[in-house]
Structures are given as structure tokens and as C-alpha cells.
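Structure, as C-alpha cells:
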Amino acid sequence: KRYTLRMLGGSYIGYNRSTRHWWAPVAHLMTEHRLHDRPVYFISSNTHSIVNVLSGTVRRRKEALSDYIRRSRHVELLPELEALEAGRSRSSWENLLYFAARHYFAETGREAERRRRSDEERERGIYHVDGRGALDVGIQVIDLARLDPVSFDPRLCGEDERLDPAATDAIVVNINYPLGLAAYHIMSQLAMTTDLLRGIYILGKAATLNGRIGDVMIANVVYDEHSG
């Protein structure tokens, strides 16, 4: 069969309009919670890693997640769980729980548990906004002063250190890493929204043909294919 693909709103103005539409509920949330005039740290990563290490939601469910792994008999998670419980592994409990939680919360019938997770995160100043319209990029707004240091992943600070989120009135805006020209328009939108941008952090990842699990690939060349 013959197919014709037509890109709607593919112009520069169309991208701009789509990005503004995508950002509108975030701007509303920030105004509603009086966060619009705060210093901003912008992170491009994903919508589970940052929240995992700050909210404590997963770590508080250690027993439930361990039981879930046993019941599901996950081919990768079960041997790791058994090795950790037997003291045969030096891996991190947190990493296992974070990975298992993705499957656990995604299961059908866990709507109430997902709502409880969202309530716990909002209590700690973590707000989620789903991507809307043409820009399918999830967003999180994190009020640092409301975070509970007791909930932090223990690897965030050493034994002699104590992080004090209340020492700052800044917020973190974390987005689910976009691709291509979308990244440019998102950064433009953010820059137009605030003049209190204090830092930009890009936590990227890429697939490689050669490598092992756990390898990190750092690019030293970036190609902008829209430059002509």
C-alpha cells in the first residue's frame, strides 16, 4: 500500500506553540503553589530516578516489593533478591527495589497503591505533570524545602554529612529527556519563564553496540542535524 505522512504543525512556530501548550499546566502548578518566583535547577533525566532517591516511596515498601519478587518469580530479580538476603551479594538493596517498583506499580489493579504513592510524593513537595498534546514529555516540579531528608537514598550523603533541603528555597524542574529539536524548544520555554535559572543538568543515556551492562557512554561530539 502507499502511505503519505504529513507532519502537522511541523513549522518553527508550530513547535513553539506546542511547547507553550505543554508548559501551561506547569506554570499553573507553580503559581498555585507559589513556586513561580523561586530559583530553578533544571534536570533532563527521567521521571523515576530523581524521585526514587528523594521520596523514599520505594524504600518504605521493601517488604511488599520483596514479596512481589518472590510471587512473580522474576527471572532476573529473584536470584538477586535471594543473594542479597543470604549475604552473597554486595549489590545495593535500593537498586533492586527501584527496578522492581517499576513492574510493581505498573500492574493492573494497583490504582489505589499508585494514588498513595502520589500522595506521599506531594506531601514531600514532589509534583507530577503528564505531557500533553504533541509533546509527550513528562515533567516533575520538586520543592526542595519540603523534602524529608530521612527519606533520601542513603548514598546521597556520607556518614558524617547531613543534607538540609530547607536551607534553600529553590525548586527542581525534572523532565523526561526529550529528543531532537524538542529539547531546544523546551529550554527556550524555560528560559522565557524565569530569569532565576541556576543550573542545567543533562543526565543522558544511549544504547551502544559494544559494551556491558553498567557501562556509561559519554559523548564528545554532538551533531545538530537541524543546522543544515
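Just so it is clear, none of the values below were taken in a lab; they were calculated from the coordinates. On a predicted model such as this, the values are computed, not experimentally measured, just so you know. All Cβ positions, glycine included, derive from the backbone under ideal geometry; neighbour counts span all protein chains shown.
Compared with the rule-of-thumb size 2.2 N^0.38 Å for a compact globular protein, segment 70-151 has a Cα radius of gyration ratio of 1.39. The modelled label-to-label distance between Met192 and Val150, using points 7 Å beyond Cα along the C-beta direction, is 4.4 nm. Here the dipole of segment 75-196 is about 340 debye; that uses its Cα centre as origin and unit charges on the Cβ of Lys and Arg (positive) and Asp and Glu (negative). Only the Cβ atoms of Lys and Arg (+1) and of Asp and Glu (-1) were treated as charged; on that basis the dipole of segment 84-134 about its Cα centre amounts to roughly 120 debye.
Extension gain, Arg88 to Glu107, is 3.9 nm, computed as 0.36 nm per intervening residue step minus the present C-alpha separation. Counting every pair of alpha carbons in segment 1-136, the share spaced more than 26 Å apart comes to 45 percent.
Using only side-chain charges placed at the Cβ, +1 for Lys and Arg and -1 for Asp and Glu, the dipole size of segment 1-125 relative to its Cα centre rounds to 560 debye. Here's the picture: charge each Lys and Arg Cβ at +1 and each Asp and Glu Cβ at -1 in segment 1-89, and of Asn52, Thr31, Tyr68 the one pushed furthest to the positive end of that dipole is Thr31.
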